[in-house]
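These notes concern the structure reproduced below.
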Amino acid sequence: MIEKVYPMTLEGRKKLEEELEYLKTVKRKDIVERIKIARSFGDLSENSEYESAKDEQAFVEGRVTTIENMLRFSEIIDNSKTAADEVSLGRKVTFVELPNGDEEEYSIVGSAEADPFNGLISNDSPIAKALIGKKVGSEVTFSTPGGDMLVKIIDIS
């Protein structure tokens, strides 16, 4: 079976490594302590603190497994083979929406580190797919939930 490759920046990989370390060394201990305290309350069948701690434990263990898998199959983005004026994974692109001129700036990253609210969009997103391979001055149309959007690329860094 072929595993999915997770393209990411070096900074994105470091963030995941830090989150994994936090979950393993701090969060797990906190949850174990919460479970221990909840068990001391007696009957576990109607113990909401116990159930809540067990649910959080399941979530944390799932997240640990996910991050470990992402790190195991991560691929650091290398832009040395693409032209400096071409939109690619790991680059920041600035564009203006046409015709009204709203300027937006996004860094195109792998899905593992995407955070649209902080300007990091996944290479799998419709916007990134439309922009990748384009150059400064290109006009690009892509679909959004609000309809098609036309933009002009004004900077790539």
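A few remarks follow.
- Going through (1) assigned to a strand (DSSP E or B); (2) among the charged types (D, E, K, R); (3) open to solvent by less than 60 Å² (accessible area, probe 1.4 Å) one by one, LYS27 falls short only on (1).
- Of all the residues in the range 122-138, those that are under 14 Å from GLU105 (Cα atoms) and either touching a Gly at 6+ places or on another chain (Cβ under 6 Å) or part of a helix (DSSP H, G or I) (or both) number 3.
- Residue satisfying condition, being among the small types (Gly, Ala, Ser), open to solvent by 40 Å² or more (accessible area, probe 1.4 Å) and over 30 Å from SER138 (Cα atoms), within set ALA38, ALA53, ALA58: ALA58
- Look at (1) of a type outside the set (S, T, N, Q); (2) out of contact with any helix residue (DSSP H, G or I) (no Cβ under 9 Å at 6 or more places or on another chain); (3) modelled with pLDDT under 90 and you find that GLU21 fails only one, number (3).
- Of all residues in the range 91-121 being among the polar types (S, T, N, Q) and not in a helix (DSSP H, G or I), the one that is nearest to GLU18 (Cα to Cα): SER107
The values are calculated or read from the model by the stated rules, or taken from the named source; none is laboratory data. Just so it is clear, the structure is predicted and the values come from calculations on it, not from any experiment. Counting neighbours? That spans all protein chains shown, and the Cβs are built from the backbone with ideal geometry, glycine included. Each accessible area value is taken on the protein alone, full model and side chains, heavy atoms only, with ligands, DNA and RNA left out. Shrake-Rupley method; radii C 1.70, N 1.55, O 1.52, S 1.80 Å.
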